[in-house]
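Novice: Okay, here's the structure, questions in a sec.
The values are calculated or read from the model by the stated rules, or taken from the named source; none is laboratory data. Not measured: the values here are computed from a predicted model. Ideal geometry is used to build each Cβ from the backbone, glycine not excepted, and the neighbour counts take in all protein chains shown. Ligands, DNA and RNA are stripped out before the accessible areas are found, and what is left, the full protein with its side chains, is counted by its heavy atoms. Shrake-Rupley method; radii C 1.70, N 1.55, O 1.52, S 1.80 Å.
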Amino acid sequence: MELSQKKCTTDAADLEREAARIRDAYARRTTGSCAGLYSFFNRGNLFMLQERERRVLSILERAGWSSLQAVRILDVGCGAGFWIRDLIRWGADPRHITGVDLLEQRVEEARCLSPEGVAIHCRNAAALEFPDESFDLIIQSTVFTSILNRDVQLLLAREMVRVLRPNGLILWYDFHMNNPRNPDVRGVTSREIHRLFEGCTIELSRMTLAPPLTRMLAPFSWFACQLFSAVPWLCTHYLGTIRKSVRHE
């Protein structure tokens, strides 16, 4: 069963307006002032990354991908290629990995940091230029929360499902709540995810202890972070999977 054909009035001009807004939002960010928050030497950030890695590897193993060598992968909104390098470290073949990002500067950084063989493109993921059913695994990490136009979100969801193979998997990791300090992003709830991927099989679980709380606790107690991260209402993200529903002839 594919996504239902909900009416979507977004045209090329709407896509470009939303793309321009996202480019402007990233350009206004003062990356130098928050770079330390995302350092591996920041214990709070390290805790969040290691927790996510454990959970993602568990999902991939349950999907039957304890080896990623032959898995065709698309990273939507690949940024500087953090997930790409993780996937290679987990055993993926660089020649089977494709990244797409809207921002030229991040694409250039990803190309510089990624090994030879990875294909990285600067383009709008709501209009992918790949054939149907091209990828086994599609990753989206904090992309949908950066898109405020609901119709553009829907177009992106449809494109992701279109290029996903029948037995493939979309890996979802994104905020389910708003960030009061950042008006350029908006959380995506479980209900909205089911609306975007209507007709698909969706499994979601909450994870990632609220980052300010994690950064406060981690330097003093790793155990406290583990304890509080088990409380769903203290967690800010959904981690989950989206699959095309199996057709019954």
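Novice: What number goes with the only condition from (1) under 27 Å from Ile120 (Cα atoms); (2) in a loop (DSSP other than H, G, I, E, B) that Leu156 does not pass?
Specialist: The single condition Leu156 does not satisfy is (2).
Novice: Looking for something at pLDDT 95 or above, surrounded by fewer than 19 Cβ atoms within 10 Å (Cβ to Cβ) and basic (Lys, Arg) - is there at least one such residue anywhere in segment 37-50?
Specialist: no
Novice: Just give me the residues in segment 46-77 being part of a loop (DSSP other than H, G, I, E, B) and over 17 Å from the mean Cα position of the chain (by Cα), in sequence order.
Specialist: Ala63, Gly64, Trp65, Ser66, Ser67, Leu68, Gln69, Ala70, Val71
Novice: Sticking with this one: Looking at Asn178, is it open to solvent by 80 Å² or more (accessible area, probe 1.4 Å) and either closer than 25 Å to Ile73 by Cβ or of a type in the set (D, E, K, R) (or both)?
Specialist: In short, no.
Novice: Pairs please, first residue from segment 109-129 and within 15 Å of Gly79 (Cβ to Cβ), second anywhere and polar (S, T, N, Q) and not in a strand (DSSP E or B), Cβ atoms under 7 Å, 6+ apart in sequence or on different chains.
Specialist: Ile120/Ser114
Novice: Mind checking which residues of segment 195-249 are among the small types (Gly, Ala, Ser), surrounded by 17 or more Cβ atoms within 10 Å (Cβ to Cβ) and assigned to a strand (DSSP E or B)?
Specialist: Gly240
Novice: Which one of these does Asp86 not meet: (1) assigned to a helix (DSSP H, G or I); (2) open to solvent by 40 Å² or more (accessible area, probe 1.4 Å)?
Specialist: (2)
Novice: Looking only at segment 159-172, decide whether some residue is out of contact with any strand residue (DSSP E or B) (no Cβ under 8 Å at 6 or more places or on another chain) and either of a type in the set (Ser, Thr, Tyr) or not in a strand (DSSP E or B) (or both).
Specialist: Yes.
Novice: Something else: Is it the case that Ala80 is assigned to a loop (DSSP other than H, G, I, E, B) and at pLDDT 95 or above?
Specialist: Considered against the rule, which asks whether it is assigned to a loop (DSSP other than H, G, I, E, B) and at pLDDT 95 or above, Ala80 comes out as no.
Novice: Are any residues in segment 148-175 polar (S, T, N, Q) and surrounded by fewer than 14 Cβ atoms within 10 Å (Cβ to Cβ), and if so, which ones?
Specialist: Asn167
Novice: Collect the residues in segment 89-109 that are assigned to a strand (DSSP E or B) and surrounded by fewer than 21 Cβ atoms within 10 Å (Cβ to Cβ), keeping them in residue-number order.
Specialist: Of everything in segment 89-109, nothing turns out to be assigned to a strand (DSSP E or B) and surrounded by fewer than 21 Cβ atoms within 10 Å (Cβ to Cβ).
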